[in-house]
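Note sheet for the following structure.
What follows is calculated from the coordinates using simple rules that are stated; it is not laboratory data. Small disclaimer: the values here were computed from a predicted structure and weren't measured. All Cβ positions, even for glycine, are placed from backbone atoms using ideal geometry, and neighbour counts span all protein chains on display.
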Amino acid sequence: MKHFILAAALVAMFPAFSIAADTAKSPAKPARSAVDPAKEAEHTKEDVRRHRIMAAAHEAAAKCQESGKDEDFCMAELAKACKGIAYGKYCGMKHD
């Protein structure tokens, strides 16, 4: 009985003994992406377009504030420029 417990403890401590037969298998193939590459490219293109619109809107807001105009006015202009492509008070991008 003591030998059986000792053998079980050794196998538990060295799992390579118990899975040595699995090493002969060939490596698994990587999973294929379920996303259509054409749709992914179109989505990326749209994100780039929206980022550029938002960047222009933020640049305009910065120039508005540099000119000495009221911050509330400049932020309202930023919100108008970002309407439909961004969310929140500070024109954060919506990601689909």
Ordered by residue, what ³J(HN,Hα) values in Hz, to whole numbers, does region 58-75 give under the Karplus form 6.51 cos²θ - 1.76 cosθ + 1.60, where θ = phi - 60° and Gly and Pro are x? 5, 4, 5, 5, 5, 5, 4, 5, 4, 6, x, 5, 4, 4, 4, 5, 5, 5
Would you mind computing, in nm to one decimal, how far apart the modelled labels at Glu77 and Ala28 are, each placed 7 Å from Cα along Cα→Cβ? 5.6
Cut-off 13 Å between beta-carbons: net charge of the residues surrounding Leu78, Lys and Arg +1, Asp and Glu -1: 0
Taking every other residue with Cβ under 13 Å from the Cβ of Arg52 and scoring Lys and Arg +1, Asp and Glu -1, one gets 0
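If contacts are Cα pairs under 8 angstrom and at least 6 residues apart, what is the relative contact order of region 49-93 in percent?
Computed value for region 49-93: 43 percent relative contact order.
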